[in-house]
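Since the structure comes first, as structure tokens, the remarks are kept for the end.
The values are calculated or read from the model by the stated rules, or taken from the named source; none is laboratory data. Keep in mind it's a predicted model, so treat the numbers as computed, not measured. So basically every Cβ, Gly included, is an ideal-geometry build from the backbone, and we count neighbours across all protein chains shown. For the accessible areas, the whole protein counts, side chains as well, though only heavy atoms, and no ligand, DNA or RNA atoms are used. Shrake-Rupley method; radii C 1.70, N 1.55, O 1.52, S 1.80 Å.
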Amino acid sequence: MTSSVVRATPESVPQLVASAAALFAEDGGRRDPYLDVSWPRRDGLAYFADLLHRTDSQCLLALSATGSPIGHLIGRIRRANPLRPGAVVGVLESLRVDPAHRETGVATALTEEFFAWARESGANQASVTAYAANESAIRFYRGRGFAPFELTLHAPV
Ligand SMILES: CC(C)(COP(=O)(O)OP(=O)(O)OC[C@H]1O[C@@H](n2cnc3c(N)ncnc32)[C@H](O)[C@@H]1OP(=O)(O)O)[C@@H](O)C(=O)NCCC(=O)NCCS
């Protein structure tokens, strides 16, 4: 694999925004009629710039051999709470790879960085949420050790 994984910097926040906007358009935009697909372009700059300063957050970019951004991963740490006092959860909040670079191990490399960071940050579990219809993403996550735990059911009202 000739791509690399780097931590995002303040200069690369617009690249995170662009990748997140493409993710919203491709994934939630096709699967959730209530998702606001304009959110990344409207609020993403401030959101990701804030995450960069936080020790409970991880913002990664994947770069091609020529240094162009080809994907991103956002990780967060959810601290233990009174309902689950022993659980420190590494939450894989967002992951996308450019279509032209898929199936070459880019997301695997991003996810390995995420697991290492979550472990170093004290997490003892990792979690990710995917649309039930996003079968390729679910297959990808299952291949990286994730298994269904809770199930959210929706009904029209
Ligand atoms: C899901 C997604 C992130 C996977 O990204 P990716 O970079 O293609 O993933 P990888 O290449 O690391 O792994 C994908 C498959 O390719 C295989 N692969 C890895 N390196 C490979 C290589 N060099 N050659 C061929 N196949 C390879 C992996 O084994 C994996 O197969 P498996 O899941 O059966 O184990 C990507 O399809 C994507 O961005 N989808 C749209 C956005 C999305 O749905 N995001 C998730 C939201 S919850």
Open item on the list: Using amide H atoms built in the peptide plane, which far-off residues or other-chain residues are under 5 Å from residue 87 H to H?
Closed with: 81
Open item on the list: From the phi angles alone, apply the Karplus equation (6.51, -1.76, 1.60; θ = phi - 60°) to the range 66-73 and give each ³J(HN,Hα) in whole Hz, x where the residue is Gly or Pro.
Closed with: 8, x, 7, x, 10, x, 8, 9
Task: log10 of Debye I(q)/I(0), alpha-carbon scatterers only, for the chain at 0.10, 0.18 Å⁻¹ - done: -0.36, -1.23
- [ ] With a ≥ b ≥ c taken as the square roots of the eigenvalues of the C-alpha gyration tensor of the range 67-157, please select rounded if a/c is under 1.5 and otherwise prolate if a/b is larger than b/c or oblate if it is not?
- [x] oblate
Task: Span from the the range 65-105 Cα centroid across to the the range 136-156 one, whole angstrom - done: 15
Open item on the list: For residue 93, what residues show an amide H to amide H distance below 5 Å, using hydrogens built from the backbone and excluding near sequence neighbours?
Closed with: 74, 75, 76
Open item on the list: Could you derive backbone 3J(HN,Hα) for the range 75-89 from the dihedral phi with the Karplus parameters 6.51, -1.76 and 1.60 (θ = phi - 60°), listing whole Hz in sequence and x where the residue is Gly or Pro?
Closed with: x, 9, 10, 9, 5, 4, 10, x, 7, 9, x, x, 9, 10, 10
- [ ] With a probe of 1.4 Å, find how much accessible area the chain has per residue, and write the answer as a whole number in Å².
- [x] 62
- [ ] Calculate what fraction, in whole %, of the accessible area of the chain sits on carbon and sulfur atoms when a 1.4 Å probe is rolled over the protein chains.
- [x] 55
Task: Cβ charges +1 (Lys, Arg) and -1 (Asp, Glu), total dipole of the chain, debye - done: 260
Task: Residue with peak Gaussian network fluctuation, the chain [Cα springs, cutoff 10 Å], from 82, 33, 99 - done: 82
